[in-house]
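What follows is calculated from the coordinates using simple rules that are stated; it is not laboratory data. Just so you know, these numbers come straight off a predicted model, no measurement behind them.
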Amino acid sequence: MRRTTAVLAVEGVGVCLRDGEANRWILHDIGFAARPGEVVAVCGPSGSGKSTLLNLVGGFGIPEEGSIRLDFKTGGEREALRVHELTEAERVRYRRQHVGFIFQFFNLLPTLTVEENVLLPRRLNKLGGGSEQALERLAPLGVGDLRERFPDSLSGGEQQRVAIARALSHAPPLVLADEPTGNLDAANADRVVECLWDQVRHARAVLVIATHNERIAERADRVVALR
Ligand SMILES: Nc1ncnc2c1ncn2[C@@H]1O[C@H](COP(=O)(O)OP(=O)(O)O)[C@@H](O)[C@H]1O
Ligand SMILES: [Mg+2]
């Protein structure tokens, strides 16, 4: 597997929404850092800004305040990205190449099979070959038996596992997971989180996970508590 030795540094991030005449700050002075192989849990009640924070780190939008930096290696080359300063076009490339995003509501492509969904990031990044190895590496997620199926024939839990496999298939330096166990029973949640954790540690990537699950928060290297 690609080893990336990623380092993520978020400093003083603030997000302000225009609310009629007034400004409403939904995130204020948020900071955290993660070293290679580390897991950061973002916790807080519904509406506290977990998804907003993950989206910014993933290059969907730019914060009004603060900085987001990702340093990592790809194929021996070091890259240092100042995510908050990227142009729209650069952020598209950043999201495609360097981020694995597990959306809260999966966002699987309905016209592609499970296998095509999982391998899509590899195809978009022209990672020729290695697809079988990638599928093998992701076997613990249990998507192998679903390969030929289409997303709308899957249960919520199955879609969740496919979404996780897709985020990991190109072994990105940064994995962002928005409540990835929300649709799973406890046994499945443990299995899936175990796999996610393993992949990120082995790749020396960084995982940021928004969650209500206390067991996940307890296991994380760092907890960012939003309120
Ligand atoms: N596009 C938007 N327009 C207006 N308000 C938004 C928008 N996105 C999020 N919000 C508000 O920002 C706050 C944080 O939302 P969110 O990040 O989704 O929280 P969480 O993921 O913790 O539930 C909420 O008050 C929400 O209503
Ligand atoms: Mg959310």
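Per residue, how big is the convex hull of the range 94-207 when only Cα atoms are used? Give it in Å³.
Details: hull volume 10.5 nm³, N = 114.
Spread over its residues, the Cα hull of the range 94-207 gives 92 Å³ apiece.
Which value does Rg/Rh take for the chain over its C-alpha atoms, Rh per Kirkwood? Mind showing how you got there, number by number?
On the way: Rg = 17.0 Å, Rh = 17.8 Å.
Result for the chain is an Rg/Rh of 0.96.
Helix-derived [θ] at 222 nm for the chain: sum -39500 (n - 2.57) over DSSP H runs of at least 4, divide by residue count, nearest 500?
Details: 7 runs with 74 residues, N = 227.
Helices in the chain give a 222 nm mean residue ellipticity of -9500 deg cm²/dmol.
Can you pull the Kirkwood radius for the range 1-134, inverse mean 1/r over Cα pairs, to one decimal in Å?
Numbers: mean 1/r = 0.0598 Å⁻¹.
Result for the range 1-134 stands at 16.7 Å.
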